[in-house]
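Everything below concerns the one structure shown next.
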Amino acid sequence: MEYYKIQLVAIVSFIFLFQNIQGWGEEGHYITCKIAQSRLSDTAAEAVKKLLPDYAQNDLASVCTWADRVKFYLRWSSPLHYADTPPRLCNFQYNRDCKDLDGVKGRCVVGAINNYTTQLLDYGKDTQYNLTQALLFLSHFMGDVHQPLHTGFTTDKGGNLIDVHWYRRKQNLHHVWDANIIETEEERFYDSNRDDFISAIQDNITKTWSDKVEGWEICSSDETACPNTYASEGIQAACQWAYKGAPEDSVLEDDYFLSRLPIVNLRLAQGGVRLAATLNRIFK
Ligand SMILES: [Zn+2]
């Protein structure tokens, strides 16, 4: 019995350990999807409701980390959470950068967003695709592509190989951007109340950023999704804000936290707004 307990603990720790490696953490994805669902057109809201699994009870945010949970057995999906670029090149080029570790083209977060968007355009038709999965993947990856270190450098695996301290705690830089900045912000400014944090971001969308929102939503020409743009912004933010001032062994405290927090808030807002805009274009 004791042996099985130890095994169980080992498996659970393993899952938690690796869950943090890719993607906004639980909070970031939840926030992105909450913002998105509140901005859906009636037609898109109806389609999302029909496609969501029953257990989600029409709450997209509750299943937004599904893609992180399944990558241990749907192993092919694991490279689809990010798109890293060669070291110190602060730009994203689809042909150069969108591939998995075996060099298979299109297998990155940008290719995945395009692919699941195309699948969802089959909604209402006789289709070979599992559109519930497509919706959950798309919703998750739209969050990931907005986390700047999901478009980091290949050499340090988007900051995963850079050890830093987040205040007193040992952490890697990727995880700081996945979770620590968001969690510290929620604790310090919102009394750990996620709903209050989401309301504050939504307030900014309708006030501070109101003249920018339309620009975030639009895709050039008549594309349904335009993740190339989001990845380009991502690697620029990674260079300008995430990597900068955070070399190996650095201690990241208030200076780093308070100056990076606006970027994290902006990316969460853009992720939510753009997921909604994309779903609204898909389900016209
Ligand atoms: Zn992810």
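A few comments on the model shown:
- DSSP beta bridges confined to the range 2-282 are antiparallel in about 60 percent of cases.
- In terms of its C-alpha gyration tensor, the range 156-273 comes out oblate, because a/c is 1.5 or above while a/b does not outweigh b/c.
- Nonlocal amide H pairs with PHE153, under 5 Å, H built at 1.01 Å: THR85, GLY158, GLY159
- Taking every Cα-Cα distance in the chain and sorting them into 5 Å bins from zero, the calculated P(r) comes out as 1, 6, 12, 17, 19, 17, 13, 8, 4, 2, 1, 0, 0 percent.
- Taking one quarter of the surface of the convex hull spanned by the alpha-carbon atoms of the range 142-202 gives a direction-averaged projected area of 4.7 nm².
- Sites listed here are trypsin sites (Lys or Arg not before Pro) in the range 22-112 whose DSSP assignment is loop and whose Cβ has at most 11 other Cβ atoms within 10 Å: ARG88.
- Per residue, the convex hull spanned by the Cα atoms of the range 224-283 amounts to 76 cubic angstrom.
- About its Cα centre, the dipole of the chain is roughly 640 debye, where the only charges are +1 on Lys and Arg Cβ and -1 on Asp and Glu Cβ.
- 10 Å binning of all Cα-Cα separations within the range 72-217, expressed as whole percents from 0 upward: 10, 29, 34, 24, 4, 0
- Pairwise Lys count, the chain - Cα closer than 25 Å, eight or more residues apart or different chains: 23
Where a number appears in this text, it was derived from the coordinates with a stated rule and is not lab data. Keep in mind it's a predicted model, so treat the numbers as computed, not measured. Using ideal geometry, Cβ is built from the backbone for each residue, glycine included, and neighbour counts are taken over all protein chains shown.
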